[in-house]
Amino acid sequence: MKTLFVKDLKPGLEVTEFFVLRKKELKEYDGQRFLKLELGDRSGRIDAVIWDNLDQLYNKAQVGDIVKVKGWVSTYKEMPQVKVDNMRRAREEEIDLVDFLPKTERDFNLLYDDFKNIVHTIKNSHLKRLLDLLMEDSSLMDKLRRAPGGKLWHHARVGGLLEHTLKVVAICEKAAEMYDLADRDLLITGALLHDIGKINSYSAGGFFDYTDEGRLLGHIVSGDELIDTKIRKIPDFPEDLTLKLKHLILSHQGQLELASPVVPQTIEAIILHYADELDAKADAFSHIIKTQKVKGKRWSDWVHLINRFIYLGEDEEQEE
């Protein structure tokens, strides 16, 4: 049973523990070869290095394996780093994947109940039939319950996709109340399905990674194809409604540079795009604040993806 997590690793600490091997690179410095590693678990990631016994240790494990590491924590460029003395692939009976993959705090089944309850509010018979048809696919729904919402940046946790979807729906509901030109049923259906392609785009082994479909097609194309396949099974599904719904899926990233084949061109599409963007960024900021906030630290480490620091807040005052 794993008892020591990345978040607990402090300089000087001896380590004999299980981690996911996230990266492995053979490098050379000043004429000496070494292995540069990245280790991880559900609490975070940490750099590691192996200087000795490279020939014996290099093939002991591959990227994505869960490994048992023996070593100690040092510092490199003012950041913690594990110096590894020995490493081997973990045996199946030694590990529990829950220790290595973050998961939503809410119960998967309760999240799915919320999803179903929203589907029941759709009055448009064609959209309702489409959603019912999707829910009748038990394999697809099992994937939906557990799929992550992303690989690293936002909702990167088991159940994260469903959690993200429900928050986007909630934002769209408020927007539909404010903008009466928006077709509420179309908007909410688009919100429920905008990231459906992610169920086939990510794999979960020792960590979240892209599937072949995720890399070769991307979640937008996968989602569009999935919805198109289901629509073709529904007699007399209106062509204009098909176009409007697929436009929501295809445009929700908002920009061509962000993998959307088209930009939002309907009121429902622009609402969905910004609802998706709001929840994704708010969740990413929240994760950074929760994982990096320690006493006396007011700013995050540099966040390369968005080229900025994030304010972590003041220390909470302790009651006397």
Legend entry - Cα pair count fraction exceeding 26 Å, expressed as % - the chain: 55
Inset, instruction - Determine the calculated [θ] at 222 nm for the chain from helices alone, applying -39500 (n - 2.57) to every DSSP H run no shorter than 4 residues and normalising by the residue count; nearest 500 deg cm²/dmol. - result: -12000 deg cm²/dmol
Legend entry - Charge dipole magnitude, Cβ of K and R +1, D and E -1 - segment 102-284, Cα centre, debye nearest 20: 320
Inset, instruction - Can you tell me the 0 to 90 degree angle between the C-alpha axis of helix 267-292 and the longest principal axis of the chain, rounded to 10? - result: 20
Legend entry - Choice from 131, 305, 245 with maximal GNM fluctuation in the chain (Cα, 10 Å cutoff): 305
Inset, instruction - Starting from the eigenvalues of the Cα gyration tensor, five times each then square-rooted, give me the equivalent ellipsoid semi-axes of segment 1-80, largest first, whole Å. - result: 20, 16, 11
Legend entry - Convex hull of segment 42-182 built on C-alpha atoms - directionally averaged projected area, nm²: 13.2
Legend entry - Distance violations [Cα-Cα > 25 Å] among 2/151; 83/295; 103/246; 10/295; 27/68; 36/290: 83/295; 103/246; 36/290
Inset, instruction - Report the full-extension gain for the segment residue 36 to residue 306: residue separation times 0.36 nm, less the Cα-Cα distance, to one decimal in nm. - result: 94.7 nm
Inset, instruction - Assuming a ≥ b ≥ c are the square roots of the Cα gyration tensor eigenvalues, decide whether segment 102-284 counts as rounded (a/c under 1.5), prolate (otherwise, with a/b larger than b/c) or oblate. - result: rounded
Inset, instruction - Mind checking the full-extension length gain between residue 91 and residue 54? Use 0.36 nm per residue of separation minus the Cα-Cα distance, one decimal, nm. - result: 11.2 nm
Legend entry - Extension reserve of the residue 79-residue 106 stretch, reckoned as 0.36 nm per residue once the Cα distance is removed: 6.5 nm
Inset, instruction - Give the relative contact order (percent, whole number) for the chain; include only Cα pairs under 8 Å separated by 6+ residues. - result: 12
Legend entry - Computed magnitude of the charge dipole of the chain (debye, nearest 20; Cβ of K, R +1, Cβ of D, E -1): 740
Inset, instruction - For each of 18, 285, count neighbouring Cβ atoms within 10 Å of the residue's Cβ, then give the residues from fewest to most. - result: 285, 18
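Coordinate-derived values only; no laboratory data. Not measured: the values here are computed from a predicted model. No Cβ is skipped: glycine too gets one built from the backbone with ideal geometry, and neighbour counts run over all protein chains shown.
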